[in-house]
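Colleague: Below is the structure I would like to discuss, written out as structure tokens.
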Amino acid sequence: MTMINDLLPEHIRTVGIAGHVNPDGDAVGSCAALFLYLKKNRPDITRVDLYLEAPKPELMFLKGVPEALTEIGAFTEYDLFITCDVSDYERIAVAAPLFDKAVKRLAIDHHVSNAGFADINYILPDASSCAEVLTGLFDMDLIDRDIAEALYTGMIHDTGVFQYSNTSPVTMRCAAALMEKGIDFSRIIDDSFNTRTFIQNRLLGYCLQKAASLYDGRCIVSSLTLAERDALSATSKDHDIVVSQLRLTEGAEAAIFAYETEPGIFKVSLRSNLYLDVSAVAQRFGGGGHVRASGCTVPGNADEVLKKVSEAVGECLKD
Ligand SMILES: [Mn+2]
């Protein structure tokens, strides 16, 4: 069984840690957990720095996250630089120059697409989350409540609270071990995962109100223009949940949500439920992603964009 100390080179004094661009719950949770674990259990490492691009407010409750650096400072040459949940070199956020300069580089990840861009790569594609990978690497006796909270947060965000198909018996055993540390799991799930701001809820309501049902209800679409977003006092971070809610419509196989990112340019999020390969649809528009979740960028006005993409989806729908 590989443990974290097996992956760390000997005689390291300084370590930098970073997650991916626009860090999600797993990136923030796994980075924070590793940061706290090394600080607590490796006193021989005299300097541990955590780099995260603007963590979302709902993840700020995790210990270590408020101290994360969002920019490169004076210290730049680490003995070891570790990325967590970063699938590709291009996705290292602000800390990429530090990764380049480090004496040794270690990537800990769970993305099947990770080709191993570091000197040392520890990638478990069957793991639900990078947090699950780390839980296996850590000595359970050395995990305290704060570390357990960070790991648990990463796991619930990447599994949709143990719902998505990436959830395995191993995931649940890891979660059980973390619960033994006395974490307040109900609060973590509500505060970091379920809770929406008033603006986010209003925006969701608005987008659901204007949704359209196509192909006998098998495809549900909606859109949001910049003018509509501004009228709701919302930002680009406020509509993550819309496409997921559209997907949950009874009888729907596909959901399409198009949102304007600059005048005349729409990002399109696609989701499917049972069989439709939305990655293939997105690729027709120069995008990509997964079989059940993908995205692309399409120029036009909202109606034109939804018409183009929904027609491409319609061709793939079964009767
Ligand atoms: Mn992840």
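The values are calculated or read from the model by the stated rules, or taken from the named source; none is laboratory data. Please read these numbers as outputs of a predicted model, since none were measured by experiment. We place every Cβ from the backbone using ideal geometry, glycine too, and count neighbours over all the protein chains shown. Heads up: the accessible areas ignore ligands, DNA and RNA and are worked out on the full protein's heavy atoms, side chains in. Shrake-Rupley method; radii C 1.70, N 1.55, O 1.52, S 1.80 Å.
Colleague: Can you confirm whether segment 95-104 contains a residue that is surrounded by 14 or more Cβ atoms within 10 Å (Cβ to Cβ), part of a helix (DSSP H, G or I), within 16 Å of the ligand (Cβ to nearest atom) and among the small types (Gly, Ala, Ser)?
Modeller: Looking through segment 95-104, none of the residues is surrounded by 14 or more Cβ atoms within 10 Å (Cβ to Cβ), part of a helix (DSSP H, G or I), within 16 Å of the ligand (Cβ to nearest atom) and among the small types (Gly, Ala, Ser).
Colleague: Something else: Which of the residues that make up segment 72-94 are at pLDDT 95 or above and exposed (fewer than 13 other Cβ atoms within 10 Å of the Cβ)?
Modeller: Selection gives 77 alone.
Colleague: Looking only at residues in segment 118-147 that are in contact with a Gly (Cβ under 8 Å, 6 or more places away or on another chain) and away from the ligand (no atom under 16 Å from the Cβ), which one is least open to solvent (accessible area, probe 1.4 Å)?
Modeller: Among them, the one singled out is 146.
Colleague: Return the only residue of 55, 43 being in the same structural domain as residue 187 (by TED's automatic domain parsing) and either out of contact with any helix residue (DSSP H, G or I) (no Cβ under 9 Å at 6 or more places or on another chain) or of a type in the set (Gly, Ala, Ser) (or both).
Modeller: 43
Colleague: Still on this model: Identify the residue in segment 169-225 that is hydroxyl-bearing (Ser, Thr, Tyr) and open to solvent by 40 Å² or more (accessible area, probe 1.4 Å) and, among all such residues, is farthest from residue 58 (Cα to Cα).
Modeller: 215
Colleague: Please enumerate the residues belonging to segment 242-256 that are under 21 Å from the mean Cα position of the chain (by Cα) and under 16 Å from residue 311 (Cβ atoms).
Modeller: Selection gives 255, 256.
Colleague: I've got another one for you. What's the total number of residues in segment 173-184 that are basic (Lys, Arg) and within 16 Å of the ligand (Cβ to nearest atom)?
Modeller: Residues that pass the stated criteria total 0.
Colleague: Any chance segment 151-172 includes a residue that's farther than 18 Å from residue 36 by Cα and more than 16 Å from the ligand (Cβ to nearest atom)?
Modeller: Yes - at least one qualifying residue is present in segment 151-172.
Colleague: Out of the residues in segment 219-241 that are of a type in the set (Ser, Thr, Tyr) and more than 11 Å from residue 258 (Cα to Cα), state the one that is nearest to the chain's Cα centre (by Cα).
Modeller: Checking each candidate, the answer is 236.
Colleague: Here's a check for you: in segment 32-55, which residue that is open to solvent by less than 50 Å² (accessible area, probe 1.4 Å) and touching a residue at least 60 places away in the same chain (Cβ under 8 Å) is farthest from residue 193 (Cα to Cα)?
Modeller: Ranking the qualifying residues of segment 32-55, first place goes to 41.
Colleague: In addition: Considering segment 21-59 alone, what residues qualify as being in contact with a His (Cβ under 9 Å, 6 or more places away or on another chain), hydrophobic (A, V, I, L, M, F, W, C) and within 13 Å of the ligand (Cβ to nearest atom)?
Modeller: 27, 28 - these are the residues of segment 21-59 that are in contact with a His (Cβ under 9 Å, 6 or more places away or on another chain), hydrophobic (A, V, I, L, M, F, W, C) and within 13 Å of the ligand (Cβ to nearest atom).
Colleague: What do you reckon, is residue 305 in contact with a helix residue (DSSP H, G or I) (Cβ under 6 Å, 6 or more places away or on another chain) and aliphatic (A, V, I, L, M)?
Modeller: The answer is no for residue 305.
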